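Right, one structure below, let's go through it.
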Amino acid sequence: MNHLERLEKEISELRNQLISHPLYSDITSVETIQLFMESHIFAVWDFMSLLKALQIGLTNTTLPWTPTGNPVSRRLINEIVLGEESDLNELQEPKSHYEMYLDAMSQLGANTTQIDKFIQIIKETKSVSKALETITLNDETKDFVMFTFEAIETNKLHVIAAVFTFGREDLIPDMFIEIVKHIGQNTAVDLTKLIYYLDRHIEVDGGEHGPMALQMIHELCANDPEKWEEAIEYSKTALIKRIHLWNGVQKNIAYNLILNN
């Protein structure tokens, strides 16, 4: 068994828990979709910081430019950045996936007050912890975001890549397939933008970005047993944090449904 196969075996149980999470069957009405999106938007946002941390570490983003790092990893991360930061939406307009998600929230009437406030504080202070303290958000979502930045702050590219790959890129297609199966079953509202966003991730992450991210892990961990051990540890934690995030969203949905009935 090679290093990658061992990692995938170690995380398989947690991964299966996420793919079969009961939250997906709860996201069927306008209200539940809105509540899901109002928390999930923070995971959509912090993904971009993981991506940018890898781009900064694997390429040269300073002046004057000089070649740096492994050319294969440079190409892989730049390809993923292009797709995530400058993809085409359903109208063939260039937008980041984060901006596409915000558009989908607006189309569905989801509340963007907290994410808008959060982004404004980030622009003013550059402090994720301060921004999270200021807004109204469940603890599980806050904890998810803080873990993302804990991984980034290790300054270990193989750790960041592990969280990026096994906590996001390799996982997202299977999770989003489950969401698409259930979403909007009891509503006639326009889900065009959200369905496009989900389908786009299933297509791109499953067919392109996921395999690229796996190759990047190979490049960064190589034959270093210590790096592979850290990759396993952080991948497991990333999956646990996602399970907690989904648990928090599910609790919030249940609480709001009781409140409104």
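Readers should treat all values here as calculations from the given coordinates under stated rules, not as data from a laboratory. Here the structure is a predicted model, which means the values were calculated and not measured.
Observations on the structure shown:
- For segment 158-208, the Kirkwood hydrodynamic radius comes to 11.9 Å, computed from all pairs of different C-alpha atoms.
- In terms of its alpha-carbon gyration tensor, segment 173-261 comes out oblate; a/c meets the 1.5 threshold, while b/c is at least as large as a/b.
- Candidate lysines - alpha carbon under 21 Å from LYS142, same-chain residues fewer than 8 apart omitted: LYS52, LYS117, LYS123, LYS126, LYS130, LYS236, LYS241, LYS251
- The sum of -39500 (n - 2.57) across all DSSP H runs of n ≥ 4, divided by the residue count of the chain, sets its helix-only mean residue ellipticity at 222 nm to -23500 deg cm²/dmol.
- Whole-number D in µm² s⁻¹ for segment 13-99, Kirkwood Cα-pair radius fed into Stokes-Einstein, 37 °C, 0.692 mPa s: 208 µm²/s
- Taken one residue at a time, the phi angles of segment 233-245 give Karplus couplings (6.51, -1.76, 1.60, θ = phi - 60°) of 4, 6, 5, 4, 5, 4, 5, 4, 5, 5, 4, 5, 4 Hz. Gly and Pro are set to x.
- Between segment 34-65 and segment 142-206, the alpha-carbon centres lie 12 Å apart.
- Percent of alpha-carbon pairs separated by more than 24 Å within the chain: 48 percent
- Rg over Rh for segment 116-247 works out to 1.02, both radii taken from alpha-carbon positions and Rh defined as the Kirkwood radius.
- Near LYS95, the amide H atoms lying under 5 Å from its own belong to ASP87, LEU88, ASN89; only residues 5 or more places off or on other chains count, and H is placed 1.01 Å from N.
- Rounded tilt (10° steps) of 30-58 against the dominant C-alpha axis of the chain: 10 degrees
- Between helix 192-204 and the chain: long-axis angle, C-alpha atoms, 0 to 90°, nearest 10: 20 degrees
- Derived scalar couplings ³J(HN,Hα) [segment 103-110; Karplus, 6.51 cos²θ - 1.76 cosθ + 1.60; whole Hz; x for Gly, Pro]: 4, 5, 4, 4, 4, 8, x, 6
- Calculation over all alpha carbon pairs of segment 25-74 in 10 angstrom steps from 0 returns a P(r) of 22, 29, 19, 16, 13, 1 percent.
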